[in-house]
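Here is the structure we will look at, set down as C-alpha cells.
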C-alpha cells in the first residue's frame, strides 16, 4: 500500500476518532456506558469502511446478548478493536496499557467505557488492576482481555498466555466468551519499521466460541483454565490461514 494512501487513511482515522471522543466526553464523565458503546460501534463501522475492512464472523449466535461477560481474545493489531467494536453489541470495556489513558479525550472516553489501565512494569499496580477489573465485572460491566499481553507476530501461533487474565476470570466468576481473530495483522502488520504504519484493505475473520458459564470451569485450576483457553483460541488459526490462502489464490 502506498505511503500517500496510508497517510490519508491515518488522517481520517485520527480525525474521526477525535470527533467521536469529543462528542462522547459528557457521556463518559457520567458513565453512560451504553451510549459510549453505541457511538463506539458507529466509530468502528466507519473505520472498518475507511480501511476497506470486511469482517466475517463464524458462530455469530455465540456473541453475547447480555452481560456481564468476559471476552477473551488473541491480539494481532490495532484493527482488532475496530473489528470487535463493529460486531459486539454488549457494552464492554477492555484492559489496556496505562499509557493509552494519558491521551487527551481518548483516555477519558476509555474510562467512561469502564476500561481498566494496566501497568505492565509494576507488578503491584498490575495486581491492583486485576482487582479493579474483577470488581468492575462483578458490578455488571463486561470486559475484554487479551491474555497474550501483546500483539503476536506469528498469525498462526499465539504468544504464551499470562496467568493474570485467568486469575481475573476466577475472581469475576462470570461467563467467558473466547474469540479467535485472524487477518488483522495482514491489514496492518505490527512492528513495521516505517514512520507511518502501512494499512491495506482485506478481510478479518473472527470465530466466536461457545460460552463457558462459571459451572463449566469451577473445577479447573488457574493453570488448567489458562491451558484450555489457549487451546480453544489457537485451534482455528491454521484453518483460517488456509481459507485465506485459498481465497487469495482464486483472486490472483
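Give me the percent relative contact order of the chain, please, defined on Cα pairs under 8 angstrom at least 6 residues apart.
Averaging sequence separation for qualifying contacts and normalising by length gives 26 percent for the chain.
Can you tell me the FRET efficiency between residue 235 and residue 23 if r is taken as the Cβ-Cβ distance and R0 is 41 Å, rounded to the nearest 0.05? Please list the in-between numbers first.
Values: r = 40 Å, r/R0 = 0.97.
That pair, residue 235 with residue 23, gives E of 0.55.
GNM on the chain, C-alpha springs below 10 Å: top fluctuator among 167, 20, 196?
Judging by the Gaussian network model, the answer is 196.
Provide, for q = 0.21, 0.25 Å⁻¹, the log10 of I(q)/I(0) from a solvent-free Debye sum over equal Cα point scatterers in region 1-67.
At q = 0.21, 0.25 Å⁻¹ the computed log10 ratios are -0.96, -1.07.
Which shape class applies to region 57-148: rounded if a/c is under 1.5, otherwise prolate when a/b exceeds b/c and oblate if not, where a ≥ b ≥ c are the square roots of the Cα gyration tensor eigenvalues?
The shape class here is prolate.
Per the helix-only calculation at 222 nm, which mean residue ellipticity applies to the chain, given -39500 (n - 2.57) for every DSSP H run of n ≥ 4 and division by its residues, nearest 500 deg cm²/dmol?
-15000 deg cm²/dmol
How much length, in nm to one decimal, is gained on full extension between residue 122 and residue 245, taken as 0.36 nm per residue of separation minus their Cα-Cα distance?
Value of the extension gain: 40.2 nm.
Identify the residues of region 18-60 with backbone N under 17 Å of a label point that sits 7 angstrom from the Cα of residue 5 along the Cα-to-Cβ direction, or state none.
Under cut-off, by backbone N: 48-54.
Which value, in nm² and rounded to one decimal, describes the direction-averaged projected area of the C-alpha convex hull of region 3-251?
13.3
At a Förster radius of 22 Å, what calculated FRET efficiency corresponds to the Cβ-Cβ distance of residue 135 and residue 223, to the nearest 0.05?
Efficiency, from the Cβ-Cβ distance: 0.40.
Between region 44-67 and region 148-223, what's the alpha-carbon centroid distance in Å?
Result: 15 Å between the Cα centres.
Calculated FRET efficiency, residue 89 and residue 150, Cβ-Cβ r, R0 22 Å, to nearest 0.05?
Plugging the Cβ-Cβ distance into 1/(1 + (r/R0)^6) gives 0.20.
Restricting to Cα pairs below 8 Å that are 6+ residues apart, what does the relative contact order work out to for region 168-225? Please round to a whole percent. Show your work: numbers first, answer last.
Working: 58 pairs, mean separation 25.1, N = 58.
Relative contact order of region 168-225: 43 percent.
Would region 1-121 count as rounded, prolate or oblate if I go by the C-alpha gyration tensor, calling it rounded below 1.5 in a/c and otherwise prolate when a/b exceeds b/c, oblate otherwise?
rounded
Just so you know, all these numbers are worked out from the coordinates, no wet-lab data involved. Every value quoted in this text rests on a predicted model; they were computed, and no experiment measured them. Neighbour counts run over all protein chains shown; Cβ positions are idealised from the backbone, glycine included.
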